[in-house]
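The values are calculated or read from the model by the stated rules, or taken from the named source; none is laboratory data. Since this is a predicted model, take the numbers as computed values, not measurements. All Cβ positions, even for glycine, are placed from backbone atoms using ideal geometry, and neighbour counts span all protein chains on display. Keep in mind that these areas ignore ligands, DNA and RNA; they rest on the heavy atoms of the full protein, side chains included. Shrake-Rupley method; radii C 1.70, N 1.55, O 1.52, S 1.80 Å.
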Amino acid sequence: MSWTLGPDDLPDLARGAALLGTGGGGDPHVGRLMVAEAMRRHGPVTVLDPDEVDDAAFVVPTAMMGAPTVMIEKIPRGDEAVLALRALERHLGRAADATMPIECGGINSMIPLVVAASTGLPVVDADGMGRAFPELQMETFGVYGVPGSPMVVSGDHGELVLIDTGTDNNRMEWLARGATIRMGGAALIAEYAMSGAEVKRTAVPRTLSLGLSVGRAIREAREQLRDPISALSEALAPTLYRHLRVLFTGKVSDVERRTVDGFARGRARFTSFDGGSTLCTAFQNENLVAEVDGQVRCIVPDLICVLEAESAEPITTETLRYGQRVVVVGISTPALMRTPEALAVFGPACFGLTDPFVPVETASREWRVAR
């Protein structure tokens, strides 16, 4: 069933999107302000359940790409994503019937809402990553046969770059990354244009609803003086993300972070409050692996989320700071993101990691037995 998303929903959605971004995806606070302004001018947004999208509908996802560290200072002008959408429509000779997120985490849960409010288009309640990933080919759309190009990259000086690499999504990412770097390290895009039937076959369903519900669960738990981590676990249990495991509790003891080739790359170390245990993470925009005392507890594509210890407010990789008191949790991804085909596109080896993928619920069980 379709539903209406209004300004009052945005704080909870931003919180949930930051969580699902698993440390990356860009700061949803900036995106929330952009959506709020677009809604102030044009009104609320209609969100379509993917099952309600007509098979023949033409859906064009919109998003931001770039390094989250750049987005802290380089705020979008506001109309770049709409310009990218319109340019792709002109190239393809067909008007979009709806837009959709390419990922449900961070600012990219918000950019399609800006487009929808500004154009009157509905947004499909689904996405192509089920979290956030750093590269454009790392989408379930591409895993299951939808080409990402032709695509359009839009900069904040009105420039537009059309990229068409046929079915080669890796080369599309390489060219778009180069254009984005030369546009200042962050740009807006329209890509993976597809039919409604392809949305139903390839997208991770109802992730905007998920972001809203988990963000609300955390807020309401705090207001009711309940444990927000437990509330989060309860909210996830009936969804496709049913397993949550607490991996570590402690404080940030070191962060190494740099912006390289259009990505925020680095490592973070966390120390338990008693000083007896250490968790180490590596990230490329998003958290990729979490090792406790040298043993992998959670690895991509499962979600590794760093939360503020008292409030469970998500902490992104670009805002990690020495001394923050945190809880680190691992969350399982949906089954369509754990297939051999999916792992070949965004599994550990795709990030240069040598450890194999082990589901977080299995890794946590084996860790307890080993202990």
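Table for the structure above
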quantity	calculated
Top-ranked residue of segment 301-351 - restricted to ones that are open to solvent by 10 Å² or more (accessible area, probe 1.4 Å) and of a type in the set (Phe, Trp, Tyr), ranked as farthest from residue 279 (Cα to Cα)	351
Cross-chain or 6+ apart pairs with Cβ under 9 Å, segment 300-327 first and more than 17 Å from residue 253 (Cβ to Cβ) and at pLDDT below 95, then assigned to a loop (DSSP other than H, G, I, E, B) and open to solvent by 20 Å² or more (accessible area, probe 1.4 Å)	316/27; 318/27; 318/72
Subset of segment 137-158 (residues that are surrounded by fewer than 24 Cβ atoms within 10 Å (Cβ to Cβ) and part of a loop (DSSP other than H, G, I, E, B))	137, 144, 145, 146, 147, 149, 150, 155, 156, 157, 158
Selection within segment 254-268 - touching a residue at least 24 places away in the same chain (Cβ under 8 Å) and farther than 22 Å from residue 186 by Cβ	254, 268
Residues of segment 51-71 that turn out to be closer than 16 Å to residue 182 by Cα and part of a strand (DSSP E or B), as a count	3
Qualifying positions in segment 213-255 - part of a helix (DSSP H, G or I), of a type in the set (Asp, Glu) and open to solvent by 70 Å² or more (accessible area, probe 1.4 Å)	223, 234
Odd one out for residue 85 among (1) open to solvent by less than 10 Å² (accessible area, probe 1.4 Å); (2) part of a helix (DSSP H, G or I); (3) under 17 Å from residue 24 (Cβ atoms); (4) of a type outside the set (Lys, Arg)	(3)
Members of segment 58-74 found to be surrounded by fewer than 18 Cβ atoms within 10 Å (Cβ to Cβ) and under 22 Å from the mean Cα position of the chain (by Cα), listed by number	72, 73, 74
Residues (open to solvent by less than 10 Å² (accessible area, probe 1.4 Å) and either modelled with pLDDT under 90 or outside any helix (DSSP H, G or I) (or both)) located in segment 1-24	5, 21, 22, 23, 24
Any hit, segment 269-283, residues being under 30 Å from residue 344 (Cβ atoms), open to solvent by less than 50 Å² (accessible area, probe 1.4 Å) and without any contact (Cβ under 8 Å) to a residue 12 or more places away in the chain	no
Given (1) open to solvent by less than 10 Å² (accessible area, probe 1.4 Å); (2) more than 19 Å from residue 303 (Cβ to Cβ); (3) of a type in the set (S, T, N, Q), index of the condition residue 259 fails	(1)
Positions within segment 160-212 being open to solvent by less than 10 Å² (accessible area, probe 1.4 Å), in a helix (DSSP H, G or I) and either of a type in the set (Val, Ile, Thr) or over 28 Å from residue 50 (Cβ atoms) (or both), in sequence order	180, 199, 202, 207
Which listed residue, of 40, 77, is touching a residue at least 60 places away in the same chain (Cβ under 8 Å), out of contact with any Gly (no Cβ under 8 Å at 6 or more places or on another chain), surrounded by fewer than 16 Cβ atoms within 10 Å (Cβ to Cβ) and outside any strand (DSSP E or B)	77
Qualifying residue in segment 92-100 (condition: over 19 Å from residue 151 (Cβ atoms), of a type in the set (Asp, Glu) and in contact (Cβ under 8 Å) with a residue 12 or more places away in the chain)	no
Test result for residue 207, touching a residue at least 60 places away in the same chain (Cβ under 8 Å) and in contact with a Phe, Trp or Tyr (Cβ under 7 Å, 6 or more places away or on another chain)	no
